[in-house]
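See below for the structure under consideration.
Read the figures in this text as sums done on the coordinates, not as results from a lab. Here the structure is a predicted model, which means the values were calculated and not measured. Counting neighbours? That spans all protein chains shown, and the Cβs are built from the backbone with ideal geometry, glycine included.
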Amino acid sequence: MYFSGKFVEQDQDFAFLLYEMSEAFAKDRYPSLALRLAECYCYGIGTYQDLDDAVEYLDIALEEYEHYIGMHIELKMYKNGLSRARKLLKLIKNDKIPVIPVGLTMEKHYETYFEFLYAQQDRFPEPHYPIEMLEQLKKENPIVTFPEKREFNTMLSHAEAGDEYDMYNLACDCMMRFENEPSNKEIMNFVRYYLYKSACAGGEYALVMLASIYEEGVHVE
């Protein structure tokens, strides 16, 4: 949407940032995403021009497009993507891509990203205390084994002090413990609050976890 200006004001630099974040967390190699990143690196859209990186992404795109088409998945988007990837690779190999002067910066777009996050604060108000389930956990002070072995209250104190890493870990631990509880609204609001706070502090994993909660409609109204 941002790359093409569809439904929103066009901002291709911001689109590159979103592509890059998507690629960082993708478990599979998506040919469309690889092609889009290749085009960005090829033409210096949202990032410095880097034809070597563009070729690497094009190789992934070509391999995956050919794989799907070889499986007789004759979708138009795969054929179009394969054609685009081949043409772009040919241009690069034949030195037909103009050199772009170095000097781009992503600073403005990171600012836009965080401004957007901060503007969502009303969606994630600070929880009302005491929270019964949380108080019980504090009393028990169990040993948390993931991502490392330590006491729950230690993790909680770090999160309350604003530690981005432990805000995420605290939220994940509470969500796993109470996601099947019938009366878990307060603790899940607590989880979302700390995922949001972690994301605002730069926690990409917290952002992905928060997005997945809303995508699946889990514990949200």
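Numbers for the structure displayed
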item: Nonlocal amide H pairs with VAL144, under 5 Å, H built at 1.01 Å; result: ARG150, GLU151, PHE152
item: Surrounding net charge for PHE178, when Lys and Arg each add one and Asp and Glu each subtract one, Cβ distance under 15 Å; result: -3
item: Residue order, fewest to most beta carbons within 10 Å, for VAL8, VAL144, VAL55; result: VAL8, VAL55, VAL144
item: Spin-label pair GLU56/THR145, simplified geometry with 7 Å Cα→Cβ offset, distance in nm; result: 3.6 nm
item: Cα shape, region 121-216, gyration tensor, a/c 1.5 rule; result: rounded
item: Anisotropy class of region 1-119 from Cα gyration tensor, a/c 1.5 cut; result: oblate
item: Ranked GLU39, GLU56, GLU132, criterion: other C-beta atoms within 10 Å, fewest first; result: GLU132, GLU56, GLU39
item: Helix-derived mean residue ellipticity, 222 nm - over the chain, DSSP H n ≥ 4, -39500 (n - 2.57), to 500; result: -20500 deg cm²/dmol
item: Calculated on alpha-carbon atoms, Rg and Dmax of the chain in Å; result: 21.9, 68
item: Relative contact order [Cα under 8 Å, 6+ residues apart], the chain, whole percent; result: 12 percent
